[in-house]
């Protein structure tokens, strides 16, 4: 079964598929910001063309069942971030989420709102038993976001940073299907 990434709405956000014309605002809002990409597995985009190529690749994966959402403002439809299943293991009953948000919208509870909606979606529309997310322990805000959404610490591992190779400590957080009532 191919899962369709469907549009979701929260009180302050619209979670939808990326569109070809999103690349300019995505680049301007977060893909070009080294503060946003500092803890991500991918480098800051050097130009809008690079962002266009990445978004086009994401769009091409929708037909294969990818779960990639554009986080947009409901009144303007402006893209301000993304949330995606970066690792997908349906045979093992779990997936891993990754997310990022424009710095202008940090500390407003928007990522927690998006994460809650996507977590509910995954448990409502897939057979996954649990969802995982990880964060660099120096990125305390990401950890707080996961805690607010009732993700629990599963453990820590020292792993190489995908961009620099430098050893970093990552905390793994999980939420299980039976915990969904806590959302």
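Read-outs throughout are calculated quantities, based only on the coordinates presented, and are distinct from any laboratory measurement. Here the structure is a predicted model, which is why all the values come from computation and not from measurement. Note: ideal-geometry Cβ built from the backbone for every residue, glycine included; neighbour counts use all protein chains shown.
At a glance:
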quantity: Most to least packed among 129-137, 32-40 [average Cβ atoms within 10 Å]; calculated: 129-137, 32-40
quantity: DSSP beta bridge pairing in segment 96-183, given as percent antiparallel to the nearest 5; calculated: 90 percent
quantity: For q = 0.08, 0.12, 0.14, 0.19 Å⁻¹, Debye-computed log10 I/I(0) when each Cα of the chain counts as one equal scatterer; calculated: -0.23, -0.55, -0.76, -1.49
quantity: Angstrom value of the Kirkwood radius, inverse mean 1/r, which spans all Cα pairs in segment 83-163; calculated: 13.6 Å
quantity: Residue-averaged [θ]222 nm for the chain, counting only DSSP H segments that reach four residues, each worth -39500 (n - 2.57); calculated: -7500 deg cm²/dmol
quantity: Bridge type composition, segment 45-133 - antiparallel percent by DSSP, nearest 5; calculated: 75 percent
quantity: Where N is the number of residues in segment 96-141, Cα Rg divided by 2.2 N^0.38 Å; calculated: 1.29
quantity: Ascending count of other beta-carbon atoms within 10 Å, so fewest first, for 52, 120; calculated: 120, 52
